[in-house]
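Here, each number is a calculation from the coordinates, and none is a lab measurement. Note that the coordinates shown come from a computational prediction; the quantities given were computed from them, not determined experimentally. Heads up, the Cβs are rebuilt from the backbone with ideal geometry, glycines too, and the neighbour counts pull from every protein chain shown.
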Amino acid sequence: MAAPEDRKVRSLAELPQAVDLPRDLWPQLQAQLKAAPVEAAAPVPGTRARVAPLRWLAAAATVAALAVGVFIGRGLGPVSAPGTPVAQTGTPAPQAAPLRDNAALDAAFVSDPRYERQRAELVQSLQARLNAMPGPARAKVMASLTAIETAKKDLENALGKDPSNALLQELLINTYQDEMRALTDVHEAGESGKGI
Amino acid sequence: MQAQVQENRVEWEGALVQRAAAGDTRAFERLYREHSGRVYGLCLRMTRDAQLAEDCVQDTFINAWKALSSFETRSSLGTWLHRIAVNVSLAKRRKSGPVVEPDPEGEDGETGSWTLETPVEVKELEEAIGALPDGARDALVLHALYGYSHEEAAQMLGIAAGTCKAQLHRARKLLKERLKLEVN
């Protein structure tokens with residue numbers, strides 16, 4: 001038990017809810033997780049032939065989040081740091097100060113001018129791809145976009161309150177890296193003529 | 001202050017859930033480390049068997065991992081995990097022994113606060129709880145220890161709210177006899 005067993009209590013609510021596990025189950029659990037992938041929230045029925053377009057859609061969804069973040073929220077201005085909340089073009093971000101304390105993140109990822117340039121180029125070409133999407137595909141993209149934006153906001157908010165949290169920094173960097181990867185995939189798919 | 005801490009934890013947890021749902025096992029490990037103690041506590045009290053409870057914890061987290069994308073981050077992850085853990089524990093218990101259906105007699109509105117007239121050692125109280133019949137113990141653990149309402153506990157256990165109250169009434173009576181003191 002988490003509390004000494006000879007401790008006296010006056011109510012059942014005082015009993016510890018958590019009990020120490022006799023051993024760490026994580027290594028065993030981790031091995032099993034690899035064989036049990038996360039199930040999709042709303043699986044789309046279809047055949048194997050549809051797998052590639054669906055993957056493309058997933059990639060496009062990630063990129064669409066970026067596109068909305070940049071085109072709608074920030075216009076075509078410079079891409080800001082991942083810790084910076086979305087704001088109208090030319091308007092200073094209201095919570096920028098505490099989030100910008102995350103210097104390690106800036107240094108590690110976003111302040112790199114190559115990153116900013118590549119991202120801006122990819123986003124620019126992405127807009128045309130979004131415009132060319134059929135309605136249902138665009139709807140799926142927009143649905144995914146909401147989830148992605150929520151994740152980013154959660155991470156940014158959490159980092160604003162705990163800027164030195166290494167795991168949060170890593171998670172946010174991973175999220176942005178995922179976006180970049182997807183952005184590149186969509187760009188390459190567009191160049192090679194593959195589409196939805 | 002407490003509310004702020006809780007709010008931060010929920011935000012932080014929401015971000016971890018999102019990452020885990022995308023397949024990030026490191027994020028899921030953090031969630032496991034945060035919740036495994038409470039899940040194990042619940043499973044242990046329901047099964048009364050340390051090895052079985054460990055299996056339940058594993059199954060709970062595997063089921064949670066598979067279904068993470070259907071979890072709504074606005075609700076409590078702890079409660080969601082407890083629901084899974086209760087289902088897993090009940091299923092394991094059914095496999096390992098006969099099921100005694102709850103007896104709904106004696107239902108009369110269980111509204112006490114589960115305080116004891118004199119303090120009792122944790123060990124003695126845990127043993128008394130562990131000696132209760134399955135149905136009464138399940139209801140008691142979820143309601144009095146983990147703070148779920150009659151309706152929530154009943155829903156988790158797949159029984160009627162009235163039956164849950166009856167089980168609590170029975171648990172109170174049996175605890176009183178075993179501990180030889182009033183349970184209010």
note = Long-range amide H partners of B:G23, meaning residues 5 or more apart or on another chain whose placed amide H is closer than 5 Å, are none
task = Pull up all non-local amide H partners of A:V9: gap of 5 or more, or a different chain, and H-to-H distance under 5 Å with H placed in the peptide plane.
result = B:V120, B:E121, B:V122
Where no second cysteine Cβ lies under 4.7 Å, the cysteines concerned in chain B = B:C164
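Counting only other chains, what is the mean number of Cβ atoms within 10 angstrom of the Cβ of each residue in peptide B:86-93?
Details: counts 0, 0, 0, 0, 0, 0, 0, 0.
Partner-chain Cβ atoms within 10 Å, mean over residues of B:86-93: 0.
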query = Across bins of 5 angstrom width beginning at 0, how are the C-alpha pair distances of the range B:2-95 distributed, in whole percent?
reply = 2, 14, 26, 23, 16, 12, 6, 1, 0
ask   = Can you give the convex hull volume per residue for the Cα atoms of chain B, as a whole number of Å³?
value = 132 Å³
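Mind checking the dipole of the range B:114-183: about its Cα centre, +1 per Lys or Arg Cβ, -1 per Asp or Glu Cβ, Debye to the nearest 20? If you can, show how the numbers build up before the last one.
On the way: 9 positive and 11 negative charges, 50 e Å.
Magnitude of the dipole: close to 240 debye.
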ask   = What translational diffusion coefficient, in µm²/s and rounded to a whole number, does the Stokes-Einstein relation yield for the range B:114-183 at 25 °C and a viscosity of 0.890 mPa s, taking the hydrodynamic radius as the Kirkwood radius over Cα pairs?
value = 204 µm²/s
message = I'd like the orientation of helix B:25-47 relative to chain B: the angle between its Cα long axis and the longest Cα principal axis, in ° from 0 to 90, rounded to 10.
response = 10 degrees
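Based solely on its DSSP helices, what 222 nm [θ] is calculated for chain B when runs of n ≥ 4 H residues each add -39,500 (n - 2.57) and the sum is averaged over all residues, nearest 500 deg cm²/dmol?
Values: 8 runs with 124 residues, N = 184.
Result for chain B, helices only: -22000 deg cm²/dmol.
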task = Compute the long axis of helix B:77-96 from its Cα atoms, compare it with the longest principal axis of the Cα atoms of chain B, and write down the angle in degrees, 0 to 90, nearest 10.
result = 60 degrees
Rounded to 10°, Cα long-axis angle of helix B:161-179 versus longest principal axis of chain B = 60 degrees
key: For residues of B:125-135, the mean tally of beta carbons on other chains within 10 Å   = 1
query = Among B:R94, B:R172, B:R137, which one shows the biggest mean-square fluctuation in a GNM of chain B, springs joining Cα atoms closer than 10 Å?
reply = B:R94
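Just counting partner chain Cβ atoms within 10 Å, what average do the residues of peptide A:149-161 show around their Cβ? If you can, show how the numbers build up before the last one.
Numbers: counts 0, 4, 9, 2, 4, 11, 7, 2, 6, 9, 3, 1, 5.
The mean count of partner-chain Cβ atoms within 10 Å per residue comes to 5.
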query = Which peptide among B:174-184, B:49-59 comes first, and what is the full order, when sorted by highest mean count of other Cβ atoms within 10 Å?
reply = B:49-59, B:174-184
inquiry  = Using the Karplus curve 6.51 cos²θ - 1.76 cosθ + 1.60 with θ = phi - 60°, what ³J(HN,Hα) values do you get for each residue of the range B:136-148, in whole Hz, with x for Gly and Pro?
reply    = 5, 5, 4, 5, 4, 4, 5, 7, 7, 9, 9, x, 7
ask   = Normalised by the number of residues in chain B, what is the relative contact order in percent for Cα pairs under 8 Å and 6+ residues apart?
value = 21 percent
